[in-house]
1. Ranked from the most accessible area to the least, with a 1.4 Å probe and all protein chains present, what is the order of Tyr65, Tyr83?
2. Hydropathy first: keep DSSP H helices in the chain averaging at least -0.5 on Kyte-Doolittle, then drop any whose Cα extent along the axis falls short of 24 Å, and list what survives.
3. Out of Ser47, Ala31, Leu92, whose Cα points farthest toward the positive end of the dipole of the chain (charges: +1 Lys, Arg; -1 Asp, Glu; placed on Cβ)?
4. Quick one: in the range 50-112, what % of C-alpha pairs are over 13 Å apart?
5. Would you pull out the residues with amide H under 5 Å of Asn116's amide H, same chain only if 5 or more places away, H placed 1.01 Å from N?
6. May I ask which residue of Leu62, Gln122, Gln82 lies farthest towards the positive end of the charge dipole of the range 59-146, with charges of +1 (Lys, Arg) and -1 (Asp, Glu) on Cβ and the Cα centre as origin?
7. Under a Cβ-Cβ cut-off of 13 Å, what is the net charge of the residues other than Thr173 that fall near it, where Lys and Arg count +1 and Asp and Glu count -1?
8. For the chain, what is the calculated [θ] at 222 nm in deg cm²/dmol (nearest 500), taking -39500 (n - 2.57) for each run of four or more DSSP H residues and dividing by its residue count?
Amino acid sequence: MPQVEFETLIHSVRAGTHLASFPTDTVPALAAKPDRADLIFTAKQRSFDKPLILMASEVEELWNYVKGSDWEIEIWSAIAQQYLPGALTLVLPANDRVPAAMNPSDPTTIGIRVPNHTIARQILAQTGALATTSANRSGQPALLSMAEIAAEFPEVLMLASNSDEVASGTPSTVAKWTGEGWQILRQGAIGL
């Protein structure tokens, strides 16, 4: 995996030419522009029935990709205010700004998340919201070290950094809005 400077990583991701990997508070992410989500599916050998997560530096940016009633948005905002940034992914109704490639089997929903990690949020603040998933081949455990990611994905860009922020190694909790309440799809780092 080529290690690059911050500006190079940002430029390459914005251009849609490369996948990037960066640390988060849970497990390292693979990321691409949302309209280049195909890069992630190809690199991971991921089935199209497994959606990606839209990650941003601030939750306010993610509200631009979802649709709901005023009542629903109030509920979602309360949960977001309590847990984000953090290890929680909310699966909400998607609006037409979300590329269908993010969730090919059900483009009506999108998982959104704001990581509680300084470097991840600095990258996302410069790139805008990105399509993300864990750094691993589909069906395999998440890769946690730079060396493991470099061996598995030599073409993916990674920030040349010596951050001392450590990921938990536990994936985010995934909660889906049902229209009436929350359904836990994956219990992870946060208990709801």
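The values are calculated or read from the model by the stated rules, or taken from the named source; none is laboratory data. None of these values were measured; they are calculated from a predicted model. Positions of Cβ are backbone-derived with ideal geometry, glycine not excepted, and every protein chain shown enters the neighbour counts. Keep in mind that these areas ignore ligands, DNA and RNA; they rest on the heavy atoms of the full protein, side chains included. Shrake-Rupley method; radii C 1.70, N 1.55, O 1.52, S 1.80 Å.
1. Tyr83, Tyr65
2. none
3. The Cα lying farthest towards the positive end belongs to Ser47.
4. In whole percent, the long-distance tail amounts to 59.
5. Asp25, Gly86
6. The residue sitting farthest along the positive end of the dipole is Gln122.
7. Neighbour charge sum, excluding Thr173 itself: +2.
8. The helix contribution divided over the chain gives -7500 deg cm²/dmol.
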